[in-house]
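J.: The structure follows.
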Amino acid sequence: MGLRTIVRRRGGAACAAGVLCLLIAAETAAQGRQQPKLAEAERAEAQELVGLVEKAAAGETAGGGVTLRWGPHHFIKAQGEKTYVPFTVAVAAETPVVSSVGLYLRVVSRAVPAAATDGGSGESPRPEKTGETPEYAFEDLFFFDLPAAAQGQPRRVSRAFAVPPGDYDVYVAIRERAAAVKDAAAKAGVLRESITVPDFSTPGLKTSTVVVAQRIDMLETPIDPESQAEHPFTFGQMQIAPAPELRFNKKDELTIVFWIYGAESDPATKKPNVHIEYKFHRVQDGKETYFNKTEPQLLNAETLPPQFDLTLGHQLSGSLAVGLTSFPEGDYRLEIEVQDKAAGKQVTPDVKFTVVP
């Protein structure tokens, strides 16, 4: 198949002030910008990656030697009516690969086929046959070195895309670079994940998914837009390392971040009046019992920066970091009660996690 043009469709938009000045990453100046020109070797490797996804989309076995696992992924409001979806893919430890790889990401809407099939054969359309370029909701191409990992642990890669709400198939292909394996056959793997992207643009109180962090670092300055794609969990000067699993030992902290949408302003203060309560429930034998709770988090005229203004697109965020020393080993559910006092509305996202020895 002929190599199609790979287009970058990614980025972010700044918002709010002070600690709330977060980068809600979505469409930016990078939107629609053409991928930097590929060298001949990179073009050949890009063709291989696209071919892996074409086979997987057609229901064929694709790749070999690399096992990929999906997750976690998150939904965060982006610009306009789009949703930002940062995600992580793990390269299984039992399938060792060289560090230098290529990655191709394709997101296809399940509502409207990318293009008509070729003559009813069921094959994916090929541009050299149809003279057309299939349209996808999002696609991107990367060449990079996989991050290191502890012995026996998978190597994890995070990327992101922004799409309108709806149902999608997400394809991720990873392949060793030919120059890195020299005369050996390059190992490769491809996965397909089906997701339903929520709509944050409609009226009413909503929250993003809750991001559980392994750690959160505060940067001295925001990263440049060109680096955003490689650091999809960086929001302004806040850089989140997502927790790979929701299993923690008693020495750990449970750290979470999420965003609140659709809150109304109090007529008297012109500021939101949101109360957040964090309630922990222990789960044993399928039954829940109340365990404890933290002090409420208040987002109102007394706690928000004076310049905070919902009409300017400033974002409300909730966060919590709690030590797990007092938590007996076992399963838990954190219930997050978000109350919009100005509107008399409430939503209750939650997080399930486990405390281990």
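Taken together, the values in this text are just the output of simple stated rules run on the coordinates, not laboratory data. Just so it is clear, the structure is predicted and the values come from calculations on it, not from any experiment. We place every Cβ from the backbone using ideal geometry, glycine too, and count neighbours over all the protein chains shown.
J.: In whole Å, what is the distance between the alpha-carbon centres of segment 57-78 and segment 211-226?
T.: If we compute the Cα centre of each part, the gap is 24 Å.
J.: Okay, moving on. Kirkwood Rh over alpha-carbon pairs of segment 146-226, then Stokes-Einstein at 10 °C and 1.306 mPa s: what D in µm² s⁻¹, rounded to an integer?
T.: 91 µm²/s
J.: Sticking with this one: What lysines sit close enough to Lys77 to cross-link, taking a C-alpha to C-alpha distance under 17 Å and skipping anything fewer than 8 places away on the same chain?
T.: Within reach: Lys206.
J.: Moving on to the next point. Evaluate 2.2 N^0.38 Å with N set to the residue count of segment 246-356, then give the Cα radius of gyration divided by it.
T.: 1.22
J.: Can you tell me which lysines have their Cα less than 28 Å from the Cα of Lys251? Leave out same-chain residues fewer than eight positions away.
T.: Here the lysines satisfying the reach criterion relative to Lys251 are Lys279, Lys287, Lys293, Lys352.
J.: Determine, from the Cβ-Cβ distance of Glu329 and Tyr290 and an R0 of 22 Å, the FRET efficiency 1/(1 + (r/R0)^6), rounded to the nearest 0.05.
T.: Computed FRET efficiency for Glu329 and Tyr290 comes out at 0.75.
J.: With the calculation restricted to Cα positions, what are the radius of gyration and Dmax of segment 173-265 in angstrom?
T.: 18.8, 64
J.: Which lysines, if any, have their Cα less than 27 Å from the Cα of Lys37, not counting same-chain residues under 8 positions apart?
T.: Lys37 reaches Lys55, Lys129, Lys182, Lys187.
J.: Could you work out how much longer the chain between Thr303 and Ser227 gets when fully extended? Use 0.36 nm per residue separation minus the Cα distance between them, nm to one decimal.
T.: Gain in length upon complete extension: 24.1 nm.
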